[in-house]
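Scroll down for the structure; my scribbles are underneath it.
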Amino acid sequence: MKKKKKPVKKVKKIIRKKPKPVKKELTAEERIALANKPGQDAMKLHPFFKGKIQIAPKCVIRDFKDFAIWYTPGVAKPCLDIKANPEKVWEHTNRANTIAVLTDGTRVLGLGDIGPEASLPVMEGKGLLFKYLGGVDVYPIAIRTKDPDEFIKFAKLMEPSFGGYNLEDIEQPKCFRILDTLRKEMNIPVWHDDQQGTAAVTVAGLINALKIVGKDPKKVRVGMIGAGAAGIACLRVMVTYGIDPAKVVMTDIYGIVHKNRPDFDKHFEYTKELMLKTNLEDRKCERVEDAIPKTMEGMDVVIGYSKPGPDTIKKEWIQRMAKDPILFVCANPVPEIWPWEAKAAGAKIVATGRSDFPNQVNNSLGFPGIFRGTLDVNARTITDEMCIAAAVELAKVAEDRGLREDYLIPTMDDWEVFPREAVAVGMKAIEQGVARITMTKEQLYKKASSIIKNARNMSKALMKQGFIPKPPKD
């Protein structure tokens, strides 16, 4: 009789997971080297491509006979149609999707007054962002004048060619006068990105930062470092949103701003009404070098659009702020303090203007979608309320994805930001009666999404086909 074999026990194979590699903490020197790399790459790639944008056809060219349609003799018919009814220009031409980026080169992203020629790489870069992120066609125009009256005259004379203007990198206080004058006297939207664009994105970040730390926007105390175009516009839009101006203290290169300062009327000629509402406690300092630390004392939030760092703001000043301090250090190209140093000093949330650090508070998240929505409804202007609508929607996109201390607002990779902003802006323009075209939310989203996707797909196709060459390897 055969013995029954004992059943063989199955031995579970133990799979040992490889330990996750420990992420090496970068040294301060390595962080700074990484921060400097974009500038080094820019010096190689700008001369390689010789510019960043170009004009390309958008109509069919099946053969040379088509030029009889697009040029003479066929073009005479749409010309006469526009003459009979000037509003037809929006139908027969690309004007409804074309803007000019106008600058005099007097205050270029932290570089100062570098002149019109030196400003052109920035204006081209702006055009690239407008096209890729918002599907907006752009002409960068650097104007050789520092006279605001000449600038205003030039802009008004060019109005028939454009659907809107993006003013860029113009020193204050004349930037306030230029913007206010053109907004009043032109029938197309005029926007100063250093003012309204910066403000919209800053308010979006602030909305979510305050949610994370659990503070009421109406009760927070805000210190603002820098009283230039960006800082004052941020203040104006924040106040419109609901921040109490009495709880805001602002400083500039001459000290803390208060109504009894001898130069108050001179420096705040165009913004006096707003500035008189700030600093209700009448905070002052005797020495200019004490202005920033004095401004930061006890503040829930500090927003910096001032002198590039990294030592404009010091660690010990952050330690004098309120509990769970929020710090927006947005100077370009280097923030007022490196974000890792601010965190080490106790900052709960830190945002900068750079794409290579978390929480980029950068205009590129605002102006493409805001102009997309403005152009889609053929709006006559861009109001502060339209900016706030964009800020609230921008904040909502990030909230939908899950807020974190290192994720206040979306990044440029979150492509849905731009059509969602466009819808919010377009609907607000319709509500305020400044739109020439009325559309539903669904129609606006479909239109904006289609235009933006086409712009991105065109760039991909040009690269794939080799019309945009591959950059050289290092």
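The aspartates and glutamates whose alpha-carbon is closer than 12 Å to the alpha-carbon of residue 247, local same-chain residues fewer than 8 away aside, are 281, 282, 300. Could you list, in their original order, any pairs among 314/348; 37/314; 218/277; 277/323 whose Cα atoms are separated by more than 18 Å? Over 18 Å apart, Cα to Cα: 37/314; 277/323.
Sorted ascending by nearby beta carbons within 10 Å, beginning with the fewest, 79, 59 become 59, 79. Values [x] 106, 86, 46; [y] 100, 68, 51; [z] 89, 58, 40 are given for comparison; Cα extents along the principal axes in Å, derived from the coordinates here, is the one labelled [x]. Annotation: amide H of residue 351 within the under-5 Å range of 327, 328, 329, sequence separation 5 or more or interchain, hydrogens built in the peptide plane. May I ask you to derive the relative contact order of the stretch 307-367, considering only C-alpha pairs under 8 Å and at least 6 residues apart, and to give it as an integer percent? Relative contact order, the stretch 307-367: 33 percent. In whole Å, how far is the Cα centre of the stretch 122-142 from that of the stretch 352-413? The distance from the Cα centre of the stretch 122-142 to that of the stretch 352-413 comes to 17 Å. When each of 460, 174 is scored by the number of other beta-carbon atoms lying within 10 Å, the sequence from fewest to most is 460, 174. The packing ranking of peptides 369-380, 461-472, 110-121, highest mean first, is 369-380, 110-121, 461-472, where packing means the average number of other beta carbon atoms within 10 angstrom of each residue.
The stretch 185-238 to the stretch 57-121: how many Å between their Cα centroids? Rounded to whole Å, the Cα centres lie 32 Å apart.
Between residue 411 and residue 55, the simple label model (points 7 Å from Cα in the Cβ direction) yields a spacing of 3.6 nm. The ranking of 282, 194 from fewest to most other beta carbons within 10 Å of each one's beta carbon is 282, 194. Evaluated with a Cβ-only charge set (Lys, Arg +1; Asp, Glu -1), the chain carries a dipole of roughly 4360 debye about its Cα centre, given to the nearest 20.
Per-residue ellipticity at 222 nm computed for the chain from its helices equals -13000 deg cm²/dmol, with DSSP H segments shorter than 4 residues left out and the rest contributing -39,500 (n - 2.57). Pairs of lysines in the stretch 54-181 whose Cα atoms sit within less than 22 Å of one another amount to 15, provided the residues are eight or more positions apart or on different chains. Only Cα pairs under 8 Å and 6+ residues apart enter the sum, and on that basis the relative contact order of the stretch 63-193 stands at 25 percent. Extension gain for residue 150-residue 253 works out to 34.2 nm (0.36 nm per residue, less the C-alpha to C-alpha distance).
Laboratory data are not the source of any read-out in this text; all were calculated from the coordinates shown. In this text, all values refer to a predicted model and were calculated from it rather than measured experimentally. Note that each Cβ is placed from the backbone with ideal geometry, even for glycine, and that neighbours are counted across all protein chains shown.
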